[in-house]
Structures are given as C-alpha cells and as structure tokens.
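The values are calculated or read from the model by the stated rules, or taken from the named source; none is laboratory data. All values derive from a computational prediction rather than experimental measurement. Cβ atoms come from the backbone with ideal geometry, glycine included; neighbour counts cover every protein chain shown.
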C-alpha cells in the first residue's frame with residue numbers, strides 16, 4: 001500500500017473519531033452531569049419484557065430502577081437520570097439509573 005493512500009485512510013479515520021466524540025459529548029452535556037428530560041414510558045415485549053422511557057429528545061432510556069408505580073405503558077413522565085456503565089441484554093437505549101421521576105399531566 002502506498003504511503004499516500006495510508007495517510008488518506010488515517011485522516012478519514014481521524015475525522016470519524018472526532019465526529020463520534022463530538023456527538024457523544026453533545027448528547028450528555030448538562031450542568032450537573034445528569035440528563036434531565038421528558039418522555040413516555042413504554043412496555044417493550046422483547047427480551048422477557050421490560051419498561052423503558054422514550055425521551056422527547058428521541059433517545060431511548062433503559063432504567064435499572066424503574067419504580068413499580070411508573071411501569072405504565074404510555075405514561076408521560078419527567079425524569080432525571082445518570083448514565084451507567086452497566087451492560088444490558090435488552091440492547092435498547094442507554095442503561096440509566098433514575099435519580100428522580102414524576103408523572104406529567
């Protein structure tokens with residue numbers, strides 16, 4: 001492989017890494033390190049069934065500590081979450097820990 005082609009491949013790879021880093025940093029930026037949002041609780045029937053939150057921001061959140069009283073399909077909520085480094089077999093959205101959640105009217 002020629003050295004010019006190698007340089008072009010490395011430069012293209014660097015651009016993709018920078019774009020990905022920028023996208024991740026802009027998704028999670030809040031003043032206190034938490035994600036504040038509104039969304040809709042959804043029951044998802046795959047992987048044994050579980051409740052997640054479809055955020056108004058278009059992102060999916062998979063809470064590890066969803067209170068029983070909020071496990072209601074199509075319930076509108078306001079929430080504060082912390083992104084975890086946990087892995088989930090659900091393979092759906094960001095695995096999060098709820099800091100707070102409340103019903104919206």
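Points to keep in mind about this one:
- Considering only residues in the stretch 77-105 that are closer than 16 Å to residue 58 by Cβ and not in a strand (DSSP E or B), the one that is farthest from the chain's Cα centre (by Cα) turns out to be 92.
- Where a residue in the stretch 61-78 is assigned by TED's automatic domain parsing to the domain that holds residue 99 and farther than 18 Å from residue 45 by Cα and its partner, wherever it lies, is assigned to a loop (DSSP other than H, G, I, E, B) and at pLDDT 95 or above, with Cβ under 8 Å and at least six apart: 76/104; 77/104; 78/104
- Among residues of the stretch 42-58 that are over 22 Å from residue 80 (Cβ atoms), those with a beta-carbon under 7 Å from a residue that is surrounded by 11 or more Cβ atoms within 10 Å (Cβ to Cβ) and modelled with pLDDT under 95 at least six positions away or on a different chain give the pairs 47/90.
- Boolean, residue 101 is touching a helix residue (DSSP H, G or I) at 6+ places or on another chain (Cβ under 6 Å) and modelled with pLDDT of 95 or more: yes
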